[in-house]
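Rule-based calculations on the coordinates, nothing more; no lab input. This structure is a prediction, so every number in the text was calculated from the model and none was measured.
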């Protein structure tokens, strides 16, 4: 599932391609015909995001499209060279220079400003938002018996963190993923928040996750320019920890795979 950095990246791409311009909107798949008709011919004002939720704003009041990519949703944004629409596209936006096609989202709804506010009110603070107070996240975690690994994936606690960032943030803080939230030191929560803000902001530049410091990459990884994702523990089970050499473990929390180093995170 795309995490918060991907959503912000897609928001930035759409702002670059469509902001301030009139768009032609359609739903080749047919499942968003009414919404597409409502925004067709409108000016694309810009985007906003909250965690894994993306919002397209149009010039007239209350013309908003709410998108959640879910597990399989994705955008294809390209230069407009003509060609037939992709028939599986839920939403297609087009101007003279660019085309965007949205395929496979969990949600693509035409909503009002009030509905946007209601949706965001259910979410925790977003590390990608400027000048946001993370105290609500801290309070929920430190009052919970659930594991910190579980809590970081709860979008009502903190918005935008998914399985990759969850594993990597806990490793960077050397925190036992099974520690109850109420036992996590305040300093550790501050460090997790700050690391999330920095790493996710970096990831939003091109949609790639980068968590490993250069000195911890192998020579081959450091010279790789194919944008492969390298991690400390995520999907490195059976491989040695980059720091201590202990075999990285894999487990499960709330039905999602979890990766950690037992020695570093003890």
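Miscellaneous remarks
- The Rg/Rh ratio for segment 70-191 is 1.11, where Rg is the radius of gyration of the alpha carbons and Rh is the Kirkwood radius.
- Kirkwood-based shape ratio for segment 4-121, expressed as Rg/Rh from alpha carbons: 0.92
- Kirkwood hydrodynamic radius (C-alpha pairs) into Stokes-Einstein, segment 135-260, 4 °C and 1.567 mPa s, D in µm²/s: 86
- Choice from 234, 72, 110 showing the highest fluctuation, given a GNM over the chain with Cα pairs closer than 10 Å: 72
- GNM result for the chain, Cα springs below 10 Å: residue of 66, 57, 216 fluctuating most strongly: 216
- Histogram of C-alpha separations across the chain, 5 Å bin width, %: 1, 6, 12, 16, 16, 14, 12, 9, 7, 5, 2, 0
- Range of Cα positions in segment 210-266 per principal axis (Å), largest first: 35, 23, 16
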